[in-house]
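Here's the structure we're looking at; comments come further down.
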Amino acid sequence: MHEPSDLAEAAPRMTIFHFELRRNGQRIGPMQTRDCPDCGMAFRAARDMIRTLREEDRLAEAARDHTLQVRYDDHTLLFDLPFDLRL
């Protein structure tokens, strides 16, 4: 039988990702943090955030200048998605 501490060690850890809305390279708005199991899920979360912002018309004109930057917990850049990329 496994001890409870053994089970805790076996459980996969979620990775923390930071999401920043940027315009012309400058952060606008607060940084959001999410736990995702992998980079693929972080990409899907970023794609969903962009879709939501587009659908709710929460961005000023020139949304093509906006990107959603995703970083690892140590703030290393993972990717920077432009809003004019049709996802």
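The values are calculated or read from the model by the stated rules, or taken from the named source; none is laboratory data. These numbers come from a predicted model, not from an experiment. Note: ideal-geometry Cβ built from the backbone for every residue, glycine included; neighbour counts use all protein chains shown. When the accessible area is computed, the model is the full protein with side chains, heavy atoms only, and any ligands, DNA or RNA have been set aside. Shrake-Rupley method; radii C 1.70, N 1.55, O 1.52, S 1.80 Å.
A few notes on this one:
- The stretch 57-73, residues that are open to solvent by 50 Å² or more (accessible area, probe 1.4 Å) and modelled with pLDDT of 90 or more: R71, Y72, D73
- Flag for D6 being charged (D, E, K, R), open to solvent by 40 Å² or more (accessible area, probe 1.4 Å) and at pLDDT below 90: yes
- Filter result for R54 (outside any strand (DSSP E or B), closer than 14 Å to T67 by Cβ and modelled with pLDDT under 80): yes
- In the stretch 21-43, residue nearest to F83 (Cα to Cα) [restricted to those that are more than 12 Å from the chain's Cα centre (by Cα) and open to solvent by 80 Å² or more (accessible area, probe 1.4 Å)]: R23
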